[in-house]
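Student: Here's a structure for you.
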Amino acid sequence: MELSFRWYGETDQITLQQISQIPGMKGIVTALFDVPAGVLWPEDRLADIVAQIESHGMTLNVVESLPVHEDIKLGRPNRDELIDVYRQNIGRLGAVGVSVICYNFMPLFDWFRTDLAFDLPDGSNALLYDHTQLDNSLDPWEAELPAYFPLDESPDDLKEAYKTTAEDDLWNNLKYFLDGVCDAAQAAGVQMALHPDDPPWSIFGLPRIIKDEASLAKVLEINTNPANGLTFCTGSMGANRTNDLPKMIRKFGDRIYFAHCRNVKHVGDKHFHEVAHPPSYGDVDMVAVMAAFAEIGFTGPLRPDHGRMIWGETGIPGYGLYDRAIGANYLLGLWDGISKK
Ligand code: DNO
């Protein structure tokens, strides 16, 4: 595996130099977060980011995300033009050496939590989701949650538009998108890695389809191009207690192109919070997860995900430096221990 770390670009308070000091760190995962979906990514900005990352001895191995425009998810008539822009962006990313594009197909929202700083007993805080609090919770567009790209239509209008989009429609629109982009990805030497829905169930009445083993299998069935693959996120999949993570990793094996490793602790039904990476803190058996990745001979990028805020750190929710750095080295330690056996 290629140990990697998410960086929010030049506006991130965490620097490339700090990331490069984490032992074993090889890859940077980033995006042009200010460019809305459906717009071409400037080649000079990409070249500049690559040069910055390489000057710190790492590589830009993953773009997360290249966002999919809502009109593609909704199957609106202008989707072909937007798919064409997406294809061109894939080509541009392949040309600067990006090997994996992580994207999602969640209507309107990306990952969502009802509390961004839930206090844990040891004085740290973490992200929490409680389905019963959904209606009282923050507006992710106002809160400017990380991973959210600017929209070119109001969230309310989009919510309205999704009212007539059933899960089956979303599946058809995902297939249309994959059929439209996978040959471009194959030609560019880029792997498409679909991120599961987080949390893996419907929120605010919007359809969500990428939630379990059956849906991951279906993603691979609806388009058989080898460029069509998965991001395996232990936290998103682990939020659904019925998902058997090591089994899924073995099943999807060489179609997993990117791994997100984080731990969640279940508090109740559709109610969980995030915790430190080792299994004793939550419900994801990270030892079994890493053993499964070693068993499938995983060579792709793998990153820690959503850290707690510890030692008084403040910053982008889920994306501080300290706890993710600790998580990265816990994962590397497991990997070295398991793969050397
Ligand atoms: C959460 C992330 C997601 C992911 C996108 C991929 O922390 O894993 O926001 O970046 O869903 O498109």
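Student: Among 310, 296, 256, 249, which is the only one that is open to solvent by less than 20 Å² (accessible area, probe 1.4 Å), over 20 Å from residue 27 (Cα atoms) and touching a Gly at 6+ places or on another chain (Cβ under 9 Å)?
Tutor: Every option except 310 fails the conditions.
Student: Yes or no: residue 162 of a type outside the set (A, V, I, L, M, F, W, C), within 16 Å of the ligand (Cβ to nearest atom) and either touching a Lys or Arg at 6+ places or on another chain (Cβ under 7 Å) or open to solvent by less than 50 Å² (accessible area, probe 1.4 Å) (or both)?
Tutor: Details: of a type outside the set (A, V, I, L, M, F, W, C): yes; within 16 Å of the ligand (Cβ to nearest atom): no; either touching a Lys or Arg at 6+ places or on another chain (Cβ under 7 Å) or open to solvent by less than 50 Å² (accessible area, probe 1.4 Å) (or both): yes.
Against the criterion (of a type outside the set (A, V, I, L, M, F, W, C), within 16 Å of the ligand (Cβ to nearest atom) and either touching a Lys or Arg at 6+ places or on another chain (Cβ under 7 Å) or open to solvent by less than 50 Å² (accessible area, probe 1.4 Å) (or both)), residue 162 does not qualify.
Conditions (1) of a type in the set (Val, Ile, Thr); (2) in contact (Cβ under 8 Å) with a residue 60 or more places away in the chain; (3) away from the ligand (no atom under 16 Å from the Cβ); (4) in contact with a Ser or Thr (Cβ under 6 Å, 6 or more places away or on another chain), marked per residue:
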{"site": "149", "(1), (2), (3), (4)": "no, yes, no, no"}
{"site": "153", "(1), (2), (3), (4)": "no, yes, yes, no"}
{"site": "170", "(1), (2), (3), (4)": "no, yes, no, no"}
{"site": "178", "(1), (2), (3), (4)": "no, no, no, no"}
{"site": "182", "(1), (2), (3), (4)": "no, no, yes, no"}
{"site": "195", "(1), (2), (3), (4)": "no, yes, no, yes"}
{"site": "204", "(1), (2), (3), (4)": "no, yes, yes, no"}
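Student: Could you tell me whether any residue of the stretch 187-203 is in a helix (DSSP H, G or I) and open to solvent by 10 Å² or more (accessible area, probe 1.4 Å)?
Tutor: Within the stretch 187-203, one or more residues are in a helix (DSSP H, G or I) and open to solvent by 10 Å² or more (accessible area, probe 1.4 Å).
Student: Does the stretch 229-243 contain at least one residue that is open to solvent by 10 Å² or more (accessible area, probe 1.4 Å), among the charged types (D, E, K, R) and at negative phi?
Tutor: yes
Student: Something else now. For the stretch 28-40, check the following and say yes or no: at least one residue is more than 30 Å from residue 74 (Cα to Cα), touching a residue at least 12 places away in the same chain (Cβ under 8 Å) and under 20 Å from the mean Cα position of the chain (by Cα). Before the answer, list the steps.
Tutor: Applying the first criterion (more than 30 Å from residue 74 (Cα to Cα)) to the stretch 28-40 yields 28.
Filter again for touching a residue at least 12 places away in the same chain (Cβ under 8 Å), leaving 28.
Now drop any that are not under 20 Å from the mean Cα position of the chain (by Cα), which leaves 28.
Within the stretch 28-40, one or more residues are more than 30 Å from residue 74 (Cα to Cα), touching a residue at least 12 places away in the same chain (Cβ under 8 Å) and under 20 Å from the mean Cα position of the chain (by Cα).
Student: Within the stretch 142-158, track down each residue that is surrounded by 15 or more Cβ atoms within 10 Å (Cβ to Cβ) and within 15 Å of residue 203 (Cα to Cα).
Tutor: Filtering the stretch 142-158 for residues surrounded by 15 or more Cβ atoms within 10 Å (Cβ to Cβ) gives 145-149, 151, 155, 158.
155, 158, listed by residue number.
Student: Tell me, please, whether a residue that is touching an Asp or Glu at 6+ places or on another chain (Cβ under 9 Å) and within 15 Å of the ligand (Cβ to nearest atom) can be found in the stretch 241-258.
Tutor: Within the stretch 241-258, one or more residues are touching an Asp or Glu at 6+ places or on another chain (Cβ under 9 Å) and within 15 Å of the ligand (Cβ to nearest atom).
Student: Then there is this: Please tell me if residue 14 is of a type in the set (A, V, I, L, M, F, W, C), surrounded by fewer than 23 Cβ atoms within 10 Å (Cβ to Cβ), more than 20 Å from the chain's Cα centre (by Cα) and not in a helix (DSSP H, G or I).
Tutor: no
Student: Regarding residue 196, is this residue under 22 Å from residue 242 (Cα atoms) and touching a helix residue (DSSP H, G or I) at 6+ places or on another chain (Cβ under 6 Å)? Quick ask: steps written out before the conclusion?
Tutor: Numbers: under 22 Å from residue 242 (Cα atoms): yes; touching a helix residue (DSSP H, G or I) at 6+ places or on another chain (Cβ under 6 Å): yes.
Considered against the rule, which asks whether it is under 22 Å from residue 242 (Cα atoms) and touching a helix residue (DSSP H, G or I) at 6+ places or on another chain (Cβ under 6 Å), residue 196 comes out as yes.
Student: Further, regarding this structure: When you look at residue 280, is it away from the ligand (no atom under 16 Å from the Cβ), in contact (Cβ under 8 Å) with a residue 12 or more places away in the chain, polar (S, T, N, Q) and open to solvent by 20 Å² or more (accessible area, probe 1.4 Å), yes or no? Working first, answer last.
Tutor: Details: away from the ligand (no atom under 16 Å from the Cβ): yes; in contact (Cβ under 8 Å) with a residue 12 or more places away in the chain: no; polar (S, T, N, Q): yes; open to solvent by 20 Å² or more (accessible area, probe 1.4 Å): yes.
It is false that residue 280 is away from the ligand (no atom under 16 Å from the Cβ), in contact (Cβ under 8 Å) with a residue 12 or more places away in the chain, polar (S, T, N, Q) and open to solvent by 20 Å² or more (accessible area, probe 1.4 Å).
Student: Determine which single condition residue 5 fails, assuming it passes every other condition in (1) under 30 Å from residue 249 (Cβ atoms); (2) without any contact (Cβ under 8 Å) to a residue 40 or more places away in the chain.
Tutor: Tallying (1) under 30 Å from residue 249 (Cβ atoms); (2) without any contact (Cβ under 8 Å) to a residue 40 or more places away in the chain, residue 5 fails exactly one: (2).
The values are calculated or read from the model by the stated rules, or taken from the named source; none is laboratory data. This is a predicted model, so every value here is computed, not measured. Note: ideal-geometry Cβ built from the backbone for every residue, glycine included; neighbour counts use all protein chains shown. Surface areas here come from the heavy atoms of the whole protein model, side chains and all, with no ligands, DNA or RNA. Shrake-Rupley method; radii C 1.70, N 1.55, O 1.52, S 1.80 Å.
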